[in-house]
Amino acid sequence: MKKINTIIYFYLQILFLEVVSKIVMAGSFLNLGLLYLIVFTIPFALILFFITRLFKEKINKILTIILSLLITIYFGFQYVFFTLFSVPFSFNTIGLANAVVEFSDIIKDTLTSNIVYIIIYTIPFLLLLVLLLLKRISFKQNKKEQNIIVGIFLLFSLVADYIYLMPNKEKFDSPYNLFTKVDDSISIINQFGLLTYTEVDVNRVLFGYETEIIEEIEEPPQIDGEVPGTITYEKNVMNIDFSSLIDNESNEILKEMHKYFNSTGATYQNEYTGMFKGKNLIFILAEGFNEVAVDETRIPTLYKLIHEGFNFTNFYSPVFLSTTGGEFQATTGLVPTQEILKNWKSKTPSIDFALGHSFNALGYNVRSFHNWTYTYYQRDKTMKTLGFNNYMGCGNGMEKLLKCDWLPSDVEMMEQTTPMYQNIEPFVTYYVTVSGHSPYVSGANIVKKHYETVKDLNMSNNIKNYLSSQVELDKALEALINSLQASGTLDNTVIALVGDHYPYTLSIDEMNEAASYKKDDIVEVNHSNFILWNNNMEPVTIDKVGSQIDVLPTLLNLFGIEYDSRLIVGKDILSTYEGLAIFSNRSWVTDKGTYFYSSKKFVPRDGQEVDNEYINRINKRVSNAFTMSKLIIDNNYYDKVVPK
């Protein structure tokens with residue numbers, strides 16, 4: 001019986017792995033991207049075939065085994081990374097991959113809970129081993145004329161790939177622009193495959209690339225209060241002479257940025273502007289906190305703060321590369337990508353409106369605390385970028401206050417640190433908690449500490465363990481409030497809290513066991529709470545859509561801090577600016593409905609109707625949110641335009 005040629009094997013192996021990755025990462029299968037995938041796989045198979053037919057049969061056989069195994073490992077690694085961080089690995093963030101090694105238990109748990117997919121990824125390699133045993137695969141060395149033919153086919157396939165990219169080249173979301181200009185890893189995988197994404201990623205890491213600012217469709221006018229019998233509110237803008245900046249700028253990228261910010265809409269001040277002016281602020285980025293954990297009995301303090309402060313009923317905490325992405329969103333008001341987060345840490349740009357800087361300028365006592373390794377995610381650098389020069393974590397002081405073994409206690413951190421600042425007003429304190437971190441297993445010390453509160457729930461073990469871990473956060477808030485009350489500073493203090501991301505090591509089925517409604521695993525799984533509370537305020541319910549990038553501008557407005565709302569991608573949730581939540585795969589939610597970017601499907605809210613022009617307008621706004629966030633960091637833009 002005729003032997004199988006290695007080009008057939010490599011093509012089928014790559015195509016199989018690409019299709020599996022397309023399904024699990026992009027959440028799609030039957031679309032135009034499948035056709036692109038079939039075509040774009042050909043050059044990779046030809047290259048591997050060429051390499052494994054250069055030598056004598058024995059060497060070719062060894063090379064085939066090694067290359068097939070490496071491909072299997074790479075696709076499997078990308079799947080595990082995606083499972084952990086909700087984005088594929090980029091060579092921009094090699095440092096993050098190193099950081100994950102610190103949590104070996106999490107990796108082990110991820111591998112165990114996803115063993116079915118891990119096995120699926122190994123199927124082609126196992127098939128190769130079977131073919132080797134049956135001696136059904138050919139490793140004969142190519143003749144010179146055969147190599148020439150392979151080269152011709154390779155050139156032809158590359159030209160064909162380019163031709164496939166040409167249609168609709170002018171559309172901002174066309175395959176061509178996606179391939180050349182747009183930083184959208186999931187859509188690149190959806191359209192062209194994981195190996196092509198890797199090719200694009202490596203090229204951009206080595207040589208960079210230019211993003212394009214899209215001309216946006218004019219958005220509906222905001223309510224500015226200029227109605228008879230009402231208050232007229234001013235815009236949240238600063239005195240920036242963009243016209244002069246445009247006229248005197250020789251750098252074309254900066255000039256286009258000046259034009260964009262000069263024309264983009266600003267938010268108006270509102271009835272809540274300055275509501276918390278002069279008060280203290282405690283801001284908490286809570287590890288793994290999500291609304292599914294909220295229960296009046298199990299976590300009464302968090303429940304109280306949610307329902308007795310500003311209750312944001314349509315708030316999202318989108319996953320952007322784990323905790324570091326959530327932190328970047330909430331403290332800068334910008335959209336993160338792997339490249340942005342790399343540059344944020346390596347270039348240490350000036351971010352004038354960042355949480356610490358904004359209050360430093362007013363003479364606040366500004367501090368930050370983290371009950372895990374102080375250099376993790378390079379926080380020893382990024383805390384300074386955010387304006388927190390007085391930062392303590394495990395390794396630069398926190399280890400003297402509490403036991404820093406995994407998992408450390410949020411309660412202990414609050415009890416040990418509140419005396420350090422609560423009597424030095426006004427103060428701003430930023431906490432990054434860690435007790436709610438995965439893995440959510442029975443042996444975890446935080447889980448065991450509070451398991452009595454969840455043991456009788458009719459749920460599976462993983463979700464019960466997660467809910468148990470969140471009790472620690474509630475106890476920490478209780479300890480914090482008690483300490484502030486005892487020192488007499490509670491009434492003059494605002495507490496803000498957001499989760500860094502949903503507990504993404506849990507499956508969507510496990511999340512839905514505790515959810516009040518059935519969530520999807522792209523958008524609604526990110527639906528959560530933004531706690532914003534003061535002991536003396538009356539409860540306020542806000543139904544407008546918002547997300548983590550809106551946290552910073554909302555706080556700046558409430559504290560009456562001067563800022564320019566045009567220069568922050570997120571918008572004050574309390575303003576009249578239309579609400580928008582943006583997700584890592586460029587899906588989005590507005591008050592009119594949800595758009596799933598990969599499938600191009602819009603799901604309207606009850607009673608809402610939209611046309612294609614509306615969808616196109618929001619897509620352009622979302623695209624520019626990514627682009628402008630990148631350009632602000634890459635070009636240290638605030639340092640050039642913000643009045644000092």
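The Ser487 and Asn536 beta-carbon pair, evaluated with R₀ = 22 Å, returns a calculated FRET efficiency of approximately 0.85. Spatially close Lys pairs in the range 481-603, defined by Cα atoms under 16 Å apart and a spacing of eight or more places or different chains, total 4. Counting Lys and Arg as +1 and Asp and Glu as -1 over every other residue whose Cβ lies under 10 Å from the Cβ of Lys449, the net charge comes to 0. Projecting the Cα atoms of Val454, Phe55, Ile123 onto the charge dipole of the chain (Cβ charges, centred on the Cα centre) puts Phe55 farthest toward the positive pole.
Based on the Cβ-Cβ distance from Ile213 to Leu127, what FRET efficiency comes out when R0 is 51 Å, to the nearest 0.05? For Ile213 and Leu127, the calculated efficiency is 0.60.
With axes computed from alpha carbons, what is the tilt in degrees of helix 32-51 against the longest principal axis of the chain, rounded to the nearest 10 within 0 to 90? For helix 32-51, the angle is close to 50 degrees. In this simple spin-label approximation, Ile47 and Asn5 carry label points 7 Å from Cα along the Cα→Cβ vector, and these lie 2.0 nm apart. Calculate how steeply helix 104-113 sits against the longest principal axis of the alpha-carbon atoms of the chain, using the helix alpha-carbon long axis, and give the answer as 0 to 90 degrees to the nearest 10. Tilt of helix 104-113: around 60 degrees. As a rough guide to protection, the peptides 250-261, 406-417 ranked by mean Cβ packing within 10 Å, highest first, stand as 406-417, 250-261. Were the residues from Thr264 through Val642 laid out at 0.36 nm apart, the gain over their Cα-Cα distance would be 134.5 nm. Estimated from helices alone, the mean residue ellipticity of the chain at 222 nm is -14500 deg cm²/dmol (sum of -39500 (n - 2.57) over DSSP H runs with n ≥ 4, per residue). Angle, helix 57-85 long axis vs. longest principal axis of the chain, Cα atoms, 0 to 90°, nearest 10? Compared with the principal axis, the helix lies near 20 degrees. Partner lysines whose Cα lies under 20 Å from the Cα of Lys475, excluding those fewer than 8 positions away in the same chain, are identified as Lys304, Lys403, Lys448, Lys449, Lys455, Lys464. Taking the charge dipole of the chain about its Cα centre, with +1 at Lys and Arg Cβ atoms and -1 at Asp and Glu Cβ atoms, the residue from Tyr79, Ile340, His258 reaching farthest to the positive side is Tyr79. Computed about its Cα centre, the charge dipole of the chain is approximately 3320 debye, with only Lys, Arg, Asp and Glu carrying charge at their Cβ. Of all aspartates and glutamates in the structure, the ones whose alpha carbon falls short of 19 Å from that of Lys3, not counting any fewer than 8 places away in one chain, are Glu57.
For the range 1-48, the alpha-carbon coordinates run over 38, 19, 15 Å along the three principal axes, in decreasing order.
For the range 409-526, the relative contact order works out to 31 percent when only alpha carbon pairs closer than 8 Å and six or more residues apart are counted. Here Lys277 is the anchor, and the aspartates and glutamates within straight C-alpha reach of less than 15 Å, apart from those fewer than 8 places off in the same chain, are Glu425, Asp491, Glu562. Structural descriptor for the chain: relative contact order 19 percent, calculated from alpha carbon pairs under 8 angstrom and at least 6 residues apart. Taking 0.36 nm per residue of sequence separation and removing the Cα-Cα distance, the Ile120/Asn31 pair yields an extension gain of 29.8 nm.
The range 518-586 and the range 331-359 have their alpha-carbon centroids 18 Å apart.
Loop-located GluC sites (Glu not before Pro) in the range 570-644 (DSSP state not H, G, I, E or B) with no more than 13 neighbouring Cβ atoms inside 10 Å: Glu609.
Every read-out reported here was derived from the displayed coordinates using simple, explicitly stated rules and does not represent laboratory data. It should be emphasised that the depicted structure is a prediction, and the values quoted were computed from it without experimental measurement. Glycine gets a Cβ as well: all are built from the backbone with ideal geometry, and neighbour counts include every protein chain shown.
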